[in-house]
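Colleague: Here it is, the structure in full.
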Amino acid sequence: MIICLICLVLAFAFLYIYRKVNQRLYRSELAEDLVFDLGPRAYRQAVQVRGQDRTKPLILWIHGGPGLPNPALTYSYQEALEDDFIICYWTQAGSGRSYYLNPDRCQEGPSYQELEGSLDDLVDKLCQRYGKDKLILVGHSFGSILGLGYAKAHPGKLLAYVGISQITDMIAGNFLILDMAEGVINRLGDRQALASLTKAKRATRHALQSRYIEAKNYLKVERLAQDYLRTIPWKAQAKVFWQALSSPDLSWADLRWYGLMACQGTRFTQIQADLMEEAQRMDLTAIDRLEVPLLLVSGALDWQAPLDQVFDFFDQVQAPQKAFRIIPGAGHSPFLSHEKLFSHCLKDYLYYHLKD
């Protein structure tokens, strides 16, 4: 027992020292942790700002989920971008740091329309604060649904839109995921798994017609498929876990939110229910034109945002400039697994677009 306690104390001491070293190594000249009242109901929402020069272009990052912010991990991939951009990481209402800023609303999450209003307010407030006319919008996964819709509706406020693991129709995407999993399961000859998959396909076919999936079933397809389509090795996942724990930006609110997601799954789903159901209803495949430059970035091994669906959208959409970059060996979050390649990809496109 004593040995275990000693090991635990040493582990915490090592982690504390490692975090302090990270804080000294990773420094931004512009480092602000802001709170804004956003949206029609004035949710207090956290925005982490990092950069080296206030004169550089603004990037606003919309995280995925819903309810999956990771501001503590931004240092692992943003460092290569901070010399050239001011990067604003928005933690959406009803998640992470923003959830704990609204204790009077802890029993509910925002609606999709409230997030849209919050995003529009935030774009205006950031541009005003940093003296910009427009900014670059980056959306990842669920955030790419919100981001693409905003790029369509408000092109005059954006320099460019970047969709990472772009989602255009989640229910149709689920069908593609099940098709991929079915091929693997057939090769393995797993009859029990095949029966579960066949049942899931029937439910998804019905959902395509009704445009509705209950929040409790939001990730059912992914959970069914992940054992057969997993692309990120455990070693890489352990690396991300360590990066989060040793982050110079890790806060108590981050730890509380990670704990809620891990230990109170029903509570998490209850908070995100409206967003989960709205996200399933969204069908952005009808968007055939954007008035802003477009960059899409996908991991070559990403099955959660199927490449076939992203390719189809890229082929159909017209934009002043457009590009599609695929990062070899990466999955659904290429900025975490392939930080340098992702940063080069983003900078190269934006340099070209912003050079004038």
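Listed here are the residues, each with its yes/no results for (1) of a type in the set (V, I, T); (2) closer than 24 Å to K157 by Cβ; (3) modelled with pLDDT of 95 or more.
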residue: Y26; (1), (2), (3): no, no, no
residue: D37; (1), (2), (3): no, yes, yes
residue: P40; (1), (2), (3): no, yes, no
residue: T55; (1), (2), (3): yes, yes, no
residue: P66; (1), (2), (3): no, yes, no
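Colleague: I'd like to check something: does the stretch 78-93 contain any residue that is in contact (Cβ under 8 Å) with a residue 60 or more places away in the chain, under 23 Å from V240 (Cα atoms), within 12 Å of the chain's Cα centre (by Cα) and outside any helix (DSSP H, G or I)?
Modeller: No, the stretch 78-93 has no match at all.
Colleague: I've got another one for you. May I ask you to list the residues in the stretch 266-284 that are closer than 22 Å to I177 by Cβ and open to solvent by less than 60 Å² (accessible area, probe 1.4 Å)? Even if it seems obvious, please write down each step before you answer.
Modeller: Quick first cut of the stretch 266-284, residues closer than 22 Å to I177 by Cβ only: 268-269, 272-273, 275-284.
Scanning the stretch 266-284 gives F268, T269, Q272, A273, L275, M276, E277, E278, A279, Q280, M282, L284.
Colleague: Let me ask another. Which one of L255, L294, L307 is crowded, with 20+ Cβ neighbours inside 10 Å and not polar (S, T, N, Q)? Walk me through how you get there before you give the answer.
Modeller: On the way: L255 fails: crowded, with 20+ Cβ neighbours inside 10 Å; L307 fails: crowded, with 20+ Cβ neighbours inside 10 Å.
The conditions single out L294.
Colleague: Within the stretch 222-259, can you find the residues that are touching a residue at least 60 places away in the same chain (Cβ under 8 Å), among the aliphatic types (A, V, I, L, M) and in a helix (DSSP H, G or I)? Give the derivation first.
Modeller: Let us first name the residues in the stretch 222-259 that are touching a residue at least 60 places away in the same chain (Cβ under 8 Å), namely 222, 225, 229, 231-232, 236, 240, 243-251, 253-254, 256-257.
Add one more test, that the residue is among the aliphatic types (A, V, I, L, M), and what stays is 225, 229, 232, 236, 240, 244-245, 250, 253.
Result: A225, L229, A236, V240, A244, L245, A253.
Colleague: Which residues, taken from the stretch 151-179, are closer than 22 Å to E278 by Cβ, modelled with pLDDT of 95 or more, of a type outside the set (A, V, I, L, M) and open to solvent by 10 Å² or more (accessible area, probe 1.4 Å)?
Modeller: K152, H154
Colleague: Sticking with this one: Take L126 and decide whether it is open to solvent by less than 30 Å² (accessible area, probe 1.4 Å), over 17 Å from the mean Cα position of the chain (by Cα) and farther than 15 Å from E291 by Cβ. Lay out the reasoning, then the answer.
Modeller: Values: open to solvent by less than 30 Å² (accessible area, probe 1.4 Å): yes; over 17 Å from the mean Cα position of the chain (by Cα): yes; farther than 15 Å from E291 by Cβ: yes.
It is true that L126 is open to solvent by less than 30 Å² (accessible area, probe 1.4 Å), over 17 Å from the mean Cα position of the chain (by Cα) and farther than 15 Å from E291 by Cβ.
Colleague: Give all pairs with beta carbons closer than 7 Å in which a residue from the stretch 137-152 that is in a helix (DSSP H, G or I) meets a residue that is of a type in the set (K, R); count only pairs at least 6 apart in sequence or on separate chains.
Modeller: none
The values are calculated or read from the model by the stated rules, or taken from the named source; none is laboratory data. Given the structure is predicted, the values throughout are model-derived calculations rather than measurements. A quick note on method: Cβ atoms are made from the backbone with ideal geometry, for glycine too, and the neighbour counts reach across all protein chains shown. In case anyone asks, the SASA skips ligands and DNA or RNA and just uses the protein heavy atoms, side chains included. Shrake-Rupley method; radii C 1.70, N 1.55, O 1.52, S 1.80 Å.
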